[in-house]
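Below you'll find the structure, written out as structure tokens, and then a few comments.
The values are calculated or read from the model by the stated rules, or taken from the named source; none is laboratory data. Keep in mind that this is a model prediction, so the values were computed, not measured. Ideal geometry is used to build each Cβ from the backbone, glycine not excepted, and the neighbour counts take in all protein chains shown. Note: areas computed on protein heavy atoms with side chains; ligands, DNA, RNA excluded. Shrake-Rupley method; radii C 1.70, N 1.55, O 1.52, S 1.80 Å.
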Amino acid sequence: MNTANLQLQGLLMAIAAVNAMLVAKGLVSTDDIAASLDLAEQTVLGDYRVDELDPAQRDAIAFPIRLLRLASNGSSANEIMAFSELAKLVGQTKKTHND
């Protein structure tokens, strides 16, 4: 596997852990996180350059956001789902041409 992919995997899990901690401390709600991730997904998929990409590439751009959304929904203060489980869920929950 490409080292950059492993680094991104680690980064995504670190962000998921920080999000879970923020919710556990009552600084934000899961709804707040969901709303910010929804905005992020709308922004990346609404970028003018995205029209030049095929659906698989658009899904790739949205993948980290979708993974973090699922991590937020399925995490607790002490536990976050494994990256492999979250990645599988992203694939299972996306619609065909999910953009």
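Accessible surface calculations at 1.4 Å, restricted to protein heavy atoms, place the chain at 65 Å² per residue.
Could you work out [θ]222 nm for the chain from helices alone, using -39500 (n - 2.57) per DSSP H run of at least four and dividing by all its residues? Round to the nearest 500 deg cm²/dmol. Intermediate values should be presented prior to the final figure.
Working: 4 runs with 69 residues, N = 99.
Computed mean residue ellipticity for the chain: -23500 deg cm²/dmol.
In segment 21-79, what trypsin sites (Lys or Arg not before Pro) fall in a loop by DSSP, with at most 12 other Cβ atoms inside 10 Å? Don't skip to the answer; put the middle values down first.
On the way: sites: Lys25, Arg49, Arg58, Arg66, Arg69; in loops: Lys25.
Counting only loop positions with at most 12 other Cβ atoms within 10 Å, the trypsin sites (Lys or Arg not before Pro) in segment 21-79 are Lys25.
Considering only Cα atoms, the convex hull volume of the chain works out to 102 Å³ per residue. Taking 0.36 nm per residue of sequence separation and removing the Cα-Cα distance, the Gln57/Leu45 pair yields an extension gain of 3.3 nm.
Let me check against my output: what whole-number percent is the relative contact order of the chain, with C-alpha pairs under 8 Å and at least 6 apart? All intermediate terms of the calculation are to be shown ahead of the outcome.
Values: 68 pairs, mean separation 33.4, N = 99.
This gives 34 percent for the chain.
Using a 1.4 angstrom probe on heavy atoms only, work out the carbon and sulfur share of the accessible area of the chain in %. List each step's numbers first, then the result.
On the way: 3610 of 6410 Å².
The nonpolar share, carbon plus sulfur, comes to 56 percent.
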